[in-house]
Structure formats: structure tokens, C-alpha cells
Amino acid sequence: MPHPSDDPYQTWISQIRTSKKYREVDLPEETVRSLFEQEMPRHRNPKDALQAVREKLHNIVAPYLGDPDYTLMAKELEEAFADGDPQMVKFICAQILAAHASTRERMDILEEFYRRIFATIGRPARILDVACGLNPFAFPWMGLSNMVEYHAYDLHHPRVELINHYFRLQGLQPLARVQDVLVRPPEETAEVAFLFKEAHRIEQRQKGANLPLWQALKVRYILVSLPLESLSGKHNLMERQRHLVQQVTQGQPWHVSEMIFKNEIIFVVDKGYGA
Ligand SMILES: C[S@@+](CC[C@H](N)C(=O)[O-])C[C@H]1O[C@@H](n2cnc3c(N)ncnc32)[C@H](O)[C@@H]1O
């Protein structure tokens, strides 16, 4: 370990992690450090690099997409499970899903979404939910048994804690963890990885960063979903999203097919095709 005074980024990393904007998120140090390592060589003036890191982080953490009240939701989940009322549990999960734009936009297709996914790839015993956000709260709509190993990865500490709290109450193993999947791709094996609504942000963070992640994932299928409408609802994004996935997968021995929903497209990347 380098001595703190030998570490050129330590002061700035601490400043960002303890800033009002990110204090509660409790960002992993590995994320902020990797951004400094990426941006410093690109800027002559360190202040410009600092600004670039801040802009990247804003897009990665995306606080504008929304958050539930984590403490309140933990309590409401406990009460719903204590009452033994599955409908109430589903209602609280729906409230949590609705607090973040990515999952809110999926609410009215949720049943169809997972029915079609598992009809296509089969029912997995293990899932990796990569950059999961609040998606694990869709578990009651997935039609899976509590025996499933649901690994979930996110940068956002309170999100990961609430997911593990829910997993324990639900009888699942608490397999959510704070991990920057670009710095340390998941090591776990599974039938499927969900990479929902994040691949375009990954490219914005670091051009070309999707390919090493997709290569590293030890799964048969990667389900890469992307939005078909922008947040403002103005643009039809179908061709742009197809282009992104083609760029990543070209030259790879993978088969890609599509599942189209009202406002989201899933690219089913089959890494074991022909194996
Ligand atoms: C746009 S949301 C998508 C959420 C979810 N996949 C969905 O579609 O419902 C992105 C989430 O990924 C997380 N995230 C972004 N970059 C990440 C990374 N490199 N490693 C782990 N999590 C990441 C963010 O904290 C956020 O919760």
C-alpha cells in the first residue's frame, strides 16, 4: 500500500466521497480512483481533470433518476413480511421500483418482461444482476423460487443494503454487494447476467469498456437492455441501441437476438452459442 502522501489522488478522492452530494451514496473508492486514473492523463490542468471526474460521476451515479426513502422502505418491508401478506410485500416492492426512473419505466410491462425472458433462456438457478439499481425488487414478478442465487452488484451503498434486507426477509441469500463492475467484473458463474439500461452509460464513462466486461462475465447469456425512449420521451433510440450492441459484439463468437418491449429492448447475447 502506498503511503497516503505518495498517493496523488487521495485528497480529492476523500473530498468527493465525503461531499454533500455523495456522502450518503458512500461511493466505492475504487470507482473514484479509476476515474482519476483515467482523466488525469487526458488533461493538462488538474482542475479540468477534477471537473471531468465530477461530470462522469454525475452520469454514473445518476442521482436525477431518483431514490426511495431507504430507511422508511426497510421498515415497511419488515412490517409487510411480519404481517405475512405477499400482496403488501408486492405493493411495497412496487413503491420502491417506482422511485427510480429505470425501474419505474418498466412497471407496466413487468409480468411480460420476465415471462418472455425466462421463456427464451429457461429458468436460471443463478442470476448476476449487474449494475442492478433497484431491479432486484422485481423479484416477486419473476416467478422464480427462493432457491435461486441472486447476485446483485451496484455502487450505491444504501441501495445494496436495502436489497440485502429484502433478500433476507424474502428467504433469499443476501448476495447483493457494493462492487464497481468495470473495475472488478463479477467472478461468480451463472446462467444469465442482467445488464439492464446501463451499457450506454458504460460507454460514456469509458469508450470501449463494455467489451471487457461482457467478455469477463462467466455466464451463458447476457441480457443487455437499453431504453427505446429518452427520458424526455422525444427520441426513438432503436437504431442507436442496435449500433451500440453491434459495435461491442462484432468479431465475437456470440449470437445476438432481440426482444422488443414497449419502451425497452433486450439484446440476448448468447455466449455459449454453438458450444
Ligand atoms: C440506470 S440504473 C439501472 C438500474 C437497473 N439495471 C435497471 O435497469 O433497473 C444504473 C445503476 O447502476 C449502478 N452502476 C453504475 N455503474 C456501475 C458500475 N460500474 N458498477 C456497479 N454498479 C454501477 C448505479 O449505481 C445505478 O444504480
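Derivation of every value follows stated rules applied to the coordinates shown; laboratory data play no part. Fair warning: this is a prediction, and the values are worked out from it, not measured in the lab. Cβ atoms come from the backbone with ideal geometry, glycine included; neighbour counts cover every protein chain shown.
Return the single residue from H157, H200, H243 with maximal mean-square fluctuation; model: Gaussian network over the chain, springs between Cα atoms under 10 Å. Result for the chain, Cα springs under 10 Å: H243 fluctuates most.
Which of the helices in the chain, when you take each full DSSP H run, stretch at least 30 Å along the axis at their Cα atoms and have an average Kyte-Doolittle score of 1.0 or higher? Taking the DSSP H segments of the chain (at least 30 Å long, mean hydropathy at least 1.0), we get none. Normalised by the residues of region 128-274, what does the relative contact order come to in percent, with Cα pairs under 8 Å and at least six apart? Reported as a whole number, the value is 19 percent. By DSSP, the beta bridges lying fully in region 149-275 are antiparallel in about 60 percent of cases. Rounded, prolate or oblate for the chain? Axes are the square roots of the Cα gyration tensor eigenvalues, ordered a ≥ b ≥ c, and the cut-off for rounded is a/c under 1.5. Verdict is oblate for the chain. Can you tell me the relative contact order of region 3-131? Whole percent, Cα pairs under 8 Å, sequence separation 6 or more. That works out to 13 percent. For region 177-233, which GluC sites (Glu not before Pro) pass both filters: DSSP loop (anything but H, G, I, E, B) and at most 14 other C-beta atoms within 10 Å? Taking region 177-233 and a limit of 14 other Cβ atoms within 10 Å, the loop GluC sites (Glu not before Pro) found are E187. Based on C-alpha pairs under 8 angstrom that are at least 6 apart in sequence, the chain has a relative contact order of 15 percent. When the trypsin sites (Lys or Arg not before Pro) in region 145-209 are filtered for DSSP coil states and for at most 13 other beta-carbon atoms within 10 Å of their beta-carbon, the remaining sites are K207. Which one of K20, K218, K56 has the biggest mean-square fluctuation once the chain is modelled by GNM with Cα springs under 10 Å? Answer for the Gaussian network model of the chain: K20. With a cut-off of 11 Å between beta carbons, the residues surrounding R220 carry a summed charge of +1, where Lys and Arg count +1 and Asp and Glu -1.
When +1 charges are put on Lys and Arg Cβ atoms and -1 charges on Asp and Glu Cβ atoms, the dipole computed for region 4-61 relative to its Cα centre reaches about 300 debye.
Ignoring everything except DSSP H segments at least 4 long, calculate the 222 nm mean residue ellipticity for the chain; use -39,500 (n - 2.57) per segment, divide by total residues, nearest 500. Dividing the helical sum by the residues of the chain leaves -12500 deg cm²/dmol.
The H on the amide N of H255, modeled in the peptide plane, is under 5 Å from the matching H of D270, Y273, each at least 5 residues off or on a different chain. Relative to the Cα centre, the charge distribution of the chain, modelled as +1 at Lys and Arg Cβ and -1 at Asp and Glu Cβ, gives a dipole magnitude of about 720 debye. Of all DSSP bridge pairs formed entirely within the chain, close to 45 percent run antiparallel.
Full extension of the chain between H243 and S145 yields a length gain of 31.7 nm, computed as 0.36 nm times the residue separation minus the alpha carbon distance.
Taking a ≥ b ≥ c as the square roots of the eigenvalues of the Cα gyration tensor, region 4-61 is classed as oblate, since a/c reaches at least 1.5 and a/b does not exceed b/c.
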